[in-house]
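Everything below concerns the one structure shown next.
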Amino acid sequence: MAAQPSLCNSPPPMESQGKKGADPRPPSNYTDLISTLPLEEGWAPMRNRKYQGFWIPQRALTGTLDMQQNFKARPDDLWVLSYPKSGTTWLKALAYAIMTRAQYPFHHHPLLRQNPHECVPMVDRTYSRGQAPEIEAMPSPRILNTHLPCSLLPHSIKSLDCKVIYVCRDPKDVLVSLWYFNNGLRPQSMEPIPFTKAFEMFCEGNCPYGPIWEHVLEYWEESQRRPEKVLFLKYEEMLEEPLRIVKRLAEFMGCPFSPEEEKEGVVEEVIELCSFDKLTSLEVNKTGKVLLPSIPLTNDSFFRKGGAGDWRNHMSSEMARKLDRITEQKLEGSGLTLGGVAVKASAAINGDDQALF
Ligand code: A3P
């Protein structure tokens, strides 16, 4: 089993960049450091650099380092965290809809006009664009997002004990989703990555924000230590039991649905607003563009099939067995299972926290 970092163990900001009077955002300092990190280009056009044990996309590294150095958490910040392609877009929409439900009527909700990634910003990417003030200007309580593993989160998030919601997914479906997403980033002149090559890289942990198992385990261990601060969800159980999950989310966020709201069907309205069918029917998610530096991303890139088990259409049973075996080995002894087996076991999401995982 992988080492078990604690939210409190990760390194504090680098001393050399935190000195009083120094330029708080000196990108060139980061460029020098970044150029020394091991580079992988198998997921081109994405270039990933190994930073403190994880393959971080190079275009996110400046923002990552800047954020680690300068981000100031607030005690009521809520973090929506995930390994990429695990259901981040959906969870962002749900958390945002739950938090703002008293502010906007559902027929006039911002999610009808804005992609969930606009409602809940990815902080490291915003820092990479040099737009940290946008995050600082957000009113409290903020809902924020990053794909960074727990051990790379800025120190202030940990010292203020901010709440975290983490979503994970069967690694086989994550890989398929990632493969399509990455192929969508490739210019037409580039062939898609052969799936077998993507599979091998993924199994070796060589993939954006990988290895996935260490990423998931860090948050899993943290959720075991501090269940009142870290809520650990599975994409598959969100699909199976949206009603219970949405109620659990609201409780965890400190804004539970009242009996009146439940009677009036507000929980169902949140689920409907954030559903795959609803979000994909909206003009903004069909034609809008995502603000990420130097990549041609459209909002529809975040929606594909929206279900579980598509790996069956892409992997031989031998490949699936291999990936499952790695997952089992990596998670051994942790109490966490991924890839189908755990979905039923984690059904009792209401009430008893012990039953959550
Ligand atoms: P697939 O590619 O398997 O369809 P992320 O948001 O972390 O990038 O994850 C993207 C995956 O979540 C994609 O999976 C996408 O289709 C799915 N997804 C996006 N919105 C969803 C929603 N509202 N409900 C269910 N799945 C959703």
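Straightening the chain between residue 258 and residue 197 buys 17.0 nm, computed as 0.36 nm per residue apart minus the Cα-Cα spacing. Rolling a 1.4 Å probe over the protein chains gives residue 324 an accessible area of about 40 Å².
When the square roots of the Cα gyration tensor eigenvalues are ordered a ≥ b ≥ c, the ratio a/c for segment 71-119 is 1.5 or more and a/b does not exceed b/c, which makes its shape oblate. Loop-located GluC sites (Glu not before Pro) across segment 174-219 with a Cβ neighbour count of 15 or fewer within 10 Å are 204, with loop assigned by DSSP. Measuring with a 1.4 angstrom probe and ignoring ligands and nucleic acids, residue 195 comes out at about 30 Å² accessible.
Using C-alpha pairs under 8 Å with a sequence gap of at least 6, the mean separation divided by the residue count of the chain gives a relative contact order of 23 percent. Out of every Cα-Cα pair that the chain contains, those further apart than 34 angstrom amount to 22 percent. Simple point charges give the picture: +1 on the Cβ of Lys and Arg, -1 on the Cβ of Asp and Glu, and for the chain a dipole about the Cα centre of about 760 debye. Computed over protein heavy atoms with a 1.4 Å probe, the carbon and sulfur contribution to the accessible area of the chain reaches 53%.
At full extension, residue 282 and residue 251 could sit 8.3 nm farther apart than now, given 0.36 nm per residue minus the alpha carbon distance. Alpha carbon centre of segment 172-226 versus segment 247-277: separation in Å? Taking the Cα centre of segment 247-277 as reference, the centre of segment 172-226 is 31 Å away.
The 1.4 Å probe gives accessible areas that order 332, 136, largest first, as 332, 136. With 0.36 nm allotted per residue and the present C-alpha distance subtracted, the residue 243-residue 318 stretch has 23.5 nm of extension available.
For residue 74, tell me the accessible area in Å² from a 1.4 Å probe, rounded to the nearest 10. Accessible area, nearest 10 Å²: 60 Å².
Shown are 298, 88, whose ranking by accessible area with a 1.4 Å probe and every protein chain present, most to least, is 298, 88. Name the residue farthest towards the positive end of the dipole of the chain from the options 177, 69, 203, assuming +1 on Cβ of Lys and Arg, -1 on Cβ of Asp and Glu, about the Cα centre. Of the candidates, 69 comes out farthest on the positive side.
Surface listing: 108, 147 arranged by accessible area from highest to lowest gives 108, 147, probe 1.4 Å.
Within a straight-line Cα-Cα reach of under 26 Å, residue 322 can be paired with the following lysines, leaving aside sequence neighbours fewer than 8 residues apart in one chain: 50, 85, 172, 197, 234, 305, 330, 344.
Give me log10 I(q)/I(0) at q = 0.23 Å⁻¹ for segment 111-180, Debye formula, one equal scatterer per alpha-carbon, no solvent. Reported log10 I(q)/I(0), two decimals: -1.25. Remark: segment 63-104 carries 26 Å² of accessible area per residue (probe radius 1.4 Å; ligands, DNA and RNA excluded). Can you tell me how segment 151-291 classifies by the Cα gyration tensor, rounded, prolate or oblate, using a/c under 1.5 as the rounded cut? It comes out oblate by the Cα gyration axes.
The values are calculated or read from the model by the stated rules, or taken from the named source; none is laboratory data. The model shown is predicted, which means the values in this text are computed figures rather than measured ones. Reconstructed Cβ throughout: ideal geometry from the backbone, glycine too, with neighbour counts over all protein chains shown. For the accessible areas, the whole protein counts, side chains as well, though only heavy atoms, and no ligand, DNA or RNA atoms are used. Shrake-Rupley method; radii C 1.70, N 1.55, O 1.52, S 1.80 Å.
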